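First the structure, in the form of structure tokens, and then the observations on it.
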């Protein structure tokens, strides 16, 4: 198993850092864009790319690329909302998200503003809809991008950091053991597990906020 992992890590490390960073940024840009966010596994691409990080400067370059890609993707969503408004949700593509999800995104942005933009980055479905809804409201782009920047910075640093740590742990501690690759896989598995729990917790909090506002609206 170590040999297979060595081969895979060598393959990722062998990619020119410029191209690796470009594709990681492109993947996350597509992942955060409306209609593509449910198809492109940007987080997986970033995790794989992070295993090719060789030092701290390389780490920060990749974080920067992922951050820029995230900001562009979020800005595309915001611009779609600003240009087309609620017409986008009535289109065939918009209807695929379901009116209930659009309504929840509406309430979330209307009642929580900037914090809703930041929180949505960690939520399924809403991370694609909230930027569009924010663009369709009176929210200023400056407000939107400030909250987006903070959330995307945390996200990018976390994902790149865990890939870097997993690889470093394997090379420095576990590579001498027969089943050292299990340490690498274990670190990634634990990370994915805790991220899943964190997203689930954040999603519950967000759902509670939205449900409370919906109940007030329906009274």
inquiry  = Would you confirm whether or not segment 11-27 contains a residue that is modelled with pLDDT under 85, buried (at least 16 other Cβ atoms within 10 Å of the Cβ) and either touching a strand residue (DSSP E or B) at 6+ places or on another chain (Cβ under 8 Å) or outside any helix (DSSP H, G or I) (or both)?
reply    = no
Screening 197, 188 for residues that are part of a helix (DSSP H, G or I) and either touching a helix residue (DSSP H, G or I) at 6+ places or on another chain (Cβ under 9 Å) or modelled with pLDDT under 70 (or both) leaves only 188
Screening 51, 32 for residues that are touching a helix residue (DSSP H, G or I) at 6+ places or on another chain (Cβ under 8 Å), under 14 Å from residue 131 (Cβ atoms) and buried (at least 20 other Cβ atoms within 10 Å of the Cβ) leaves only 32
Picking from 68, 63, 109, the residue that is surrounded by fewer than 18 Cβ atoms within 10 Å (Cβ to Cβ), assigned to a helix (DSSP H, G or I) and touching a helix residue (DSSP H, G or I) at 6+ places or on another chain (Cβ under 6 Å) would be 68
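The values are calculated or read from the model by the stated rules, or taken from the named source; none is laboratory data. Source: prediction; values computed, not measured. Note that each Cβ is placed from the backbone with ideal geometry, even for glycine, and that neighbours are counted across all protein chains shown.
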